[in-house]
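A short worksheet on the structure shown next.
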Amino acid sequence: MRGQYVDDSDDDVDYSKGFFRTCPTWPSTLEKSLVDALHGMKDLRALCVIEAELGPSLFSEWLFEEMAEGDLLPELTSLELVWAEARQPVDALIPMLISRAGQGGVGINTVSSVVLGVRNGGDLRSDVLECMANLRQQGVRATLW
């Protein structure tokens, strides 16, 4: 694995709200750590990420752009993403889904199962719902969480 997480926090930190602690560089550190960890999992076929209610979003433009290229998780066939209710998915989500689960790109194993949702049953944006309907028409098992 290329990335490394260093815990320099105090012993009395409450980790129940998430694995990474808050610091001024948190979003970029979090994104880099997540992508570095995923680069070390070339054979991973199923990925399920459910965001914590508090803290920064795990789902960034950069993460989805990395995933769209197919170099990140090239064997992925099943994808489940659930974000916190207060957040909406970033715009790069839909192009990534089309790239990985839609028609697929050259050298990318097509994702055949996609589950998307909002914690606590929140509503999805209409463009995300439309994308999921299009994926179902292409034979992808696209369901809501």
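Summary of values
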read-out: Spin-label model distance (nm) - N134 vs T110, 7 Å beyond Cα toward Cβ; value: 1.5
read-out: Sparse-neighbour loop sites [trypsin sites (Lys or Arg not before Pro); the stretch 46-145; at most 14 other C-beta within 10 Å; DSSP]; value: R125
read-out: Which of W62, W145, W83 is most accessible, then next, and so on - probe 1.4 Å; value: W145, W62, W83
read-out: Debye, to nearest 20: dipole size of the stretch 43-119, +1 on Lys, Arg Cβ, -1 on Asp, Glu Cβ; value: 240
read-out: Heavy-atom SASA rank of C48, C131 (probe 1.4 Å, accessible area, largest first); value: C48, C131
read-out: Rounded accessible area of D91 (nearest 10 Å², 1.4 Å probe); value: 110
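The values are calculated or read from the model by the stated rules, or taken from the named source; none is laboratory data. Because the structure is a prediction, the values reported are computed rather than measured. Methodologically, a virtual Cβ is constructed for each residue, glycine included, from the backbone with ideal geometry; neighbour enumeration extends over all protein chains shown. Accessible surface areas use protein heavy atoms only, side chains included; no ligands, DNA or RNA. Shrake-Rupley method; radii C 1.70, N 1.55, O 1.52, S 1.80 Å.
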